[in-house]
Amino acid sequence: MTDRTDHTDRRDELAANLARVEERISAACAAAGRKREEVTLIVVTKTYPASDVRLLHELGVRHVAENRDQDAAPKAAACADLDLTWHFVGQLQTNKVRSVVGYADVVQSVDRIRLVDALSAAAVKAEREIGCLVQVALDAEAGERGARGGVAPDGIEELAAAVDAAEGLRLDGLMTVAPLAGPFAGRQHAAFERLMEFASRLRANHPAANMVSAGMSADLEEAVAAGATHVRIGTAVLGDRPRLG
Ligand SMILES: *Cc1c(COP(=O)(O)O)cnc(C)c1O
């Protein structure tokens, strides 16, 4: 049973965690000579209940992210009255696109043309505009996709052009997850700097695509130092996840 005390305890816990993350982001911005407003905190609420999303909203959070439609759809529905921007950050099957387009404002995991086509068709049908980030797999070989999704760097421009041309979609920028293997393993800063190079190249053709989503609980400092505009923080705010998510 969730009584008032549990609710207050959880609120205090989330508030304390948020304050610590806020401090880390501020310190990282200061160290990089960046303004705090240049970095947006997205809290990754995957595996945690809608009640936590409501508490986070009470505490001032306005951007949340999810990676599985099965969990995200009911949670977003339960929080439909809140002014939240929902980001989808997981590998996305085309048969889930119609559901995701119903609540997601931004899909950060766009990594193949078939997905662009499906998102566009669903967005048009739902009469919505969906922001899209091309997910880059920094460790993928040319022409391949990453083990955790994402397109190899040589595929960025083709996908970006497809998003840009697609009805119902808006090209917002790039996203990455620091690789666990390959030449960038354990070198988050180098990985994020590489992403920033691709992001500047992208902006040459698509000036409005200025969002760079990089950095998680363990490496937000490296991402902010490299120039990320959005960090995606799960465990540092909500605690260790009860299961892999
Ligand atoms: C889970 C997840 C995060 C957050 O990771 P933490 O280590 O919990 O901060 C960020 N990005 C993506 C794509 C994720 O799946």
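The values are calculated or read from the model by the stated rules, or taken from the named source; none is laboratory data. Computed from a predicted structure; not experimentally measured. Because the Cβ atoms are built from the backbone with ideal geometry, glycine has one as well, and the counts that use them run over all protein chains shown. Heads up: the accessible areas ignore ligands, DNA and RNA and are worked out on the full protein's heavy atoms, side chains in. Shrake-Rupley method; radii C 1.70, N 1.55, O 1.52, S 1.80 Å.
Within the stretch 1-26, can you find the residues that are open to solvent by less than 60 Å² (accessible area, probe 1.4 Å) and in contact (Cβ under 8 Å) with a residue 60 or more places away in the chain?
Across the stretch 1-26, the qualifying residues are L14, N17, L18, V21, I25.
Kindly check whether there is at least one residue in the stretch 193-204 that is of a type in the set (F, W, Y) and touching a residue at least 60 places away in the same chain (Cβ under 8 Å).
yes
Go through the stretch 136-245 and tell me which helices (runs of 4 or more DSSP H), entirely inside it, have 1 or more residues that are away from the ligand (no atom under 12 Å from the Cβ) and surrounded by fewer than 23 Cβ atoms within 10 Å (Cβ to Cβ). Before you say what the answer is, go through the steps one by one.
Numbers: elements: 156-165, 188-205, 220-226, 235-238.
In the stretch 136-245, the matching helices (runs of 4 or more DSSP H) lie at 156-165, 188-205, 220-226.
Could you tell me whether A65 is part of a helix (DSSP H, G or I) and within 23 Å of S213 (Cα to Cα)?
On the way: part of a helix (DSSP H, G or I): no; within 23 Å of S213 (Cα to Cα): yes.
Spelling it out, it is not the case that A65 is part of a helix (DSSP H, G or I) and within 23 Å of S213 (Cα to Cα).
Looking at the stretch 54-70 only, could you name the residues that are closer than 13 Å to L18 by Cβ and either surrounded by 17 or more Cβ atoms within 10 Å (Cβ to Cβ) or among the acidic types (D, E) (or both)?
To start, the set of residues in the stretch 54-70 that are closer than 13 Å to L18 by Cβ comprises 55-64.
L55, L56, H57, E58, V61, H63, V64, listed by residue number.
Within the stretch 71-81, which residues are surrounded by fewer than 15 Cβ atoms within 10 Å (Cβ to Cβ) and of a type in the set (A, V, I, L, M)?
Taking the stretch 71-81 as the starting set, the residues that turn out to be surrounded by fewer than 15 Cβ atoms within 10 Å (Cβ to Cβ) are 74, 77-78, 80-81.
A77, A78, A80 - these are the residues of the stretch 71-81 that are surrounded by fewer than 15 Cβ atoms within 10 Å (Cβ to Cβ) and of a type in the set (A, V, I, L, M).
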